[in-house]
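The next block holds one structure in the form of structure tokens; read it before the comments.
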Amino acid sequence: MSLLSRRSLLAASAAFVARPAIAAGMASTTATDVVIVGAGAAGIAAARRIAAAGRKFVLIEAADHIGGRCFTDNRIFDVPYDRGAHWIHTPDLNPLTKLTARRSLEVYPAPASQKVRIGRRYAREGELEDFLALQVRANRGITDAARKSDVACSQGLPNDLGDWRPAVEFMLGPFACGKELTQVSAVDFAKSAERNTDAFCRQGLGALLASFAEGLPAKLSTPATAIDMRRDVSVETPKGAISARAAIVTVSTNVIMSGAIKFTPELPKRQTDAFAKLSLGSYDHVALELAGNPLGFDSDDLVFEKSADLRTAAMLANVSGTQLCLVEIAGSFGRDLSAKGEAAMVDFAADWLAGLYGTDVKKAIKRSHATRWNDEPLALGAFSAAAPGGQSARRILMEPVQNAVWFAGEAVHETLWGTVGGAWESGERAAEAVLRRLGPTKEAPPETVAPQRRKPQRVSR
Ligand SMILES: Cc1cc2nc3c(=O)[nH]c(=O)nc-3n(C[C@H](O)[C@H](O)[C@H](O)COP(=O)(O)OP(=O)(O)OC[C@H]3O[C@@H](n4cnc5c(N)ncnc54)[C@H](O)[C@@H]3O)c2cc1C
């Protein structure tokens, strides 16, 4: 069920229908109040807010589907497969779980604990406690360091993590941020909201997100190629131009930095520097269908390894009770591996599992798939993590450019960066800023979502 009121839906569809063609024989020009570039979480949230205010908008999406980095694939396996985001962090505060989902979508709590493999056995209770205590100390060390200056997270790590150091570094760095702790700002890390409780959507987080876009008139396969900000905004697409009073641009930081969208005048250095400091880390799923649950996993078991180095992975097993297991590879190691291609990624995942559970597990692999987000031209990476010294970049990206273009997306959130919830809230915030610029609206906007608590504990992606 769409949450948009009938009235706002009518307004939204009117915006879509009212497209005056400017010149015969030329690409048409659409005139509207707001053009929203990208129909991922931020773009969908922005569009809903603009529609609810009764303003005209055009939502364009380069891909042939909505969702962006939060997309559920139902074709590769016989079960929902989230190719991007899967975890619903802090569900009691997450903007997506605050909305009423379609009845057919089931959101349920993730298991609270995780398992750790030490060679061919599971860690014992005491060993797990050691590991958890070291994570807490590492978190605290990074937060303490962040209070003094915006150094790299690695500088805040305690020296005495012993033989758990690689596992702690993997969990807090590549697994949580997509980058090694040497590449992540301690202030960014410390500001990020606590992610100690999680939930899943049985039909996929992408399906949940898509359900909130029902009724929104997104123009698919319509990439923005250029944005002219000299007089209001004009967005070029291969299907014609869209002129608007303001634009909300939600593409990833790496897409902006790639130059795929040409801005006129050029983006100020302040903004390009900020985008550069918020480059995307590397994080991919290697999805393995393990027939018959040969390793006896429970639904949604999360398994780490007490590894010797960062050439390691994590695994979310039996996703929502299915035979699908996601081996998560991330950081520099994940980036190098994904550059070698899908076959190399699947080989690694199979070998990694065999190392932890014995070679027989390889025989149980029926089907496989690996995402390669760094090579997806519409994302060019997984999610942002600020470079040391670069945390303030997130606030800079909240500033409008030429009072015409607002940026939104996961990178434009100070505490929920790297998440669907953060992208959603940033889309709403940009929409509110644009609505203020456009002047009084016909309807009062819905209540804003309360800000999340800030605590530095991160134990899930
Ligand atoms: C593998 C992986 C795992 C993740 N796991 C989680 C998780 O468990 N939980 C969580 O909360 N978050 C997770 N994330 C992060 C989360 O997916 C993102 O933070 C969020 O989806 C980003 O939303 P967004 O709207 O900012 O950007 P996007 O989703 O990237 O949306 C931008 C949209 O713009 C489109 N676009 C690009 N270029 C153009 C153009 N020129 N013209 C028009 N459209 C264009 C793109 O196709 C895309 O649809 C994960 C991400 C990845 C990659």
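The values are calculated or read from the model by the stated rules, or taken from the named source; none is laboratory data. Nothing here was measured: the structure is a model prediction, and the numbers come from that model. Neighbour counts are summed over all protein chains in view; Cβ atoms, including those assigned to glycine, are modelled from backbone coordinates with ideal geometry. Ligands, DNA and RNA are stripped out before the accessible areas are found, and what is left, the full protein with its side chains, is counted by its heavy atoms. Shrake-Rupley method; radii C 1.70, N 1.55, O 1.52, S 1.80 Å.
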Among the listed pairs Lys56/Lys191; Lys148/Lys277; Lys191/Lys262; Lys239/Lys340; Lys179/Lys269; Lys306/Lys340, those beyond 28 Å (Cα-Cα):
Lys56/Lys191; Lys191/Lys262; Lys239/Lys340
So what are the ³J(HN,Hα) numbers for segment 252-258, from phi and the Karplus equation (6.51, -1.76, 1.60; θ = phi - 60°), rounded to whole Hz, Gly and Pro as x?
5, 4, 5, 5, 4, 5, 6
Farthest positive-ward along the chain dipole, Cα basis, beta-carbon charges - from Gln391, Ala430, Leu316
Ala430
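Please list, by residue number, every one of the trypsin sites (Lys or Arg not before Pro) in segment 40-138 that is coil in DSSP and has at most 16 other beta-carbon atoms within 10 Å.
On the way: sites: Arg48, Arg49, Arg55, Lys56, Arg69, Arg75, Arg83, Lys98, Arg102, Arg103, Lys115, Arg117, Arg120, Arg121, Arg124, Arg137; in loops: Arg55, Lys56, Arg69, Arg75, Arg83, Arg102, Arg103, Arg120, Arg124.
Answer by residue number: Arg75, Arg102, Arg103, Arg120, Arg124.
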On the accessible surface of the chain, probed at 1.4 Å with all protein chains in place, carbon and sulfur together account for a percent value of 52
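How large is the Kirkwood hydrodynamic radius of the chain, in angstrom, based on all distinct alpha carbon pairs? List each step's numbers first, then the result.
On the way: mean 1/r = 0.0443 Å⁻¹.
About 22.6 Å for the chain.
How much length, in nm to one decimal, is gained on full extension between Arg436 and Asp64, taken as 0.36 nm per residue of separation minus their Cα-Cα distance? Before the final figure, lay out the partial values.
On the way: separation 372, 0.36 × 372 = 133.92 nm, distance 3.15 nm.
Answer, rounded to one decimal: 130.8 nm.
In Å², what does the accessible area per residue of segment 274-354 work out to with a 1.4 Å probe? Provide the component values of the computation, followed by the final result.
Details: 2420 Å² over 81 residues.
Per-residue value: 30 Å².
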Please give the FRET efficiency for Asn293 paired with Asp130, using the beta carbon to beta carbon distance and R0 = 30 Å, rounded to the nearest 0.05.
0.55
Would you kindly derive the ³J(HN,Hα) couplings of segment 352-368 from the backbone phi angles with the Karplus curve 6.51 cos²θ - 1.76 cosθ + 1.60 (θ = phi - 60°), listing them in order in whole Hz, with x for Gly and Pro?
4, 5, 4, x, 8, 10, x, 5, 4, 4, 4, 5, 7, 6, 8, 9, 8
Rel. contact order, % - alpha carbon contacts under 8 angstrom, at least six apart, segment 175-244:
14
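In terms of solvent-accessible area of protein heavy atoms at a 1.4 angstrom probe, what is the ranking of Tyr81, Tyr108, highest value first? Spell out each step's value before the answer.
Values: Tyr81 0, Tyr108 30 Å².
Correct descending sequence by accessible area is Tyr108, Tyr81.
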Give me the percent relative contact order of the chain, please, defined on Cα pairs under 8 angstrom at least 6 residues apart.
25
Computed accessible area, Asp163, all protein chains, 1.4 angstrom probe, square angstrom
100
Neighbours of Ala393 by Cβ distance under 12 Å: Lys/Arg at +1, Asp/Glu at -1, summed charge -1
How far apart, in nm, are two points set 7 Å out from the Cα along the Cα-to-Cβ line at Asn159 and at Arg137?
1.3
Per-residue ³J(HN,Hα) for segment 32-41, Karplus 6.51 cos²θ - 1.76 cosθ + 1.60, θ = phi - 60°, Hz, x for Gly and Pro:
8, 7, 9, 10, 10, 9, x, 10, x, 4
Determine the calculated [θ] at 222 nm for the chain from helices alone, applying -39500 (n - 2.57) to every DSSP H run no shorter than 4 residues and normalising by the residue count; nearest 500 deg cm²/dmol.
-8500 deg cm²/dmol
Computed from the beta carbon distance with a Förster radius of 51 Å, FRET efficiency for Ser28 and Arg367 to the nearest 0.05 stands at 0.70
Bridge orientation stat for the chain from DSSP, antiparallel percent rounded to 5, came to 60
Which net charge results when you count Lys and Arg as +1 and Asp and Glu as -1 among the other residues whose beta-carbon is under 11 Å from that of Asp351?
+1
Describe numerically, in nm with one decimal, the distance between label points set 7 Å from Cα along Cα→Cβ at Ile76 and at Asp309.
2.7
Want the number for Ala339 to Lys239: 0.36 nm per residue separation, take away the alpha-carbon distance, what's left?
32.7 nm
Treating segment 160-226 as a set of equal point scatterers at the Cα positions, no solvent, please give the Debye-formula log₁₀ I(q)/I(0) at q = 0.22 Å⁻¹.
-0.99
Residues of segment 292-310 with amide N under 18 Å of a point placed 7 Å along Cα→Cβ from Ile118:
303-309
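In square angstrom, what is the accessible area per residue of segment 116-236 with a 1.4 angstrom probe?
Numbers: 4700 Å² over 121 residues.
Dividing the accessible area of segment 116-236 by its residue count gives 39 Å².
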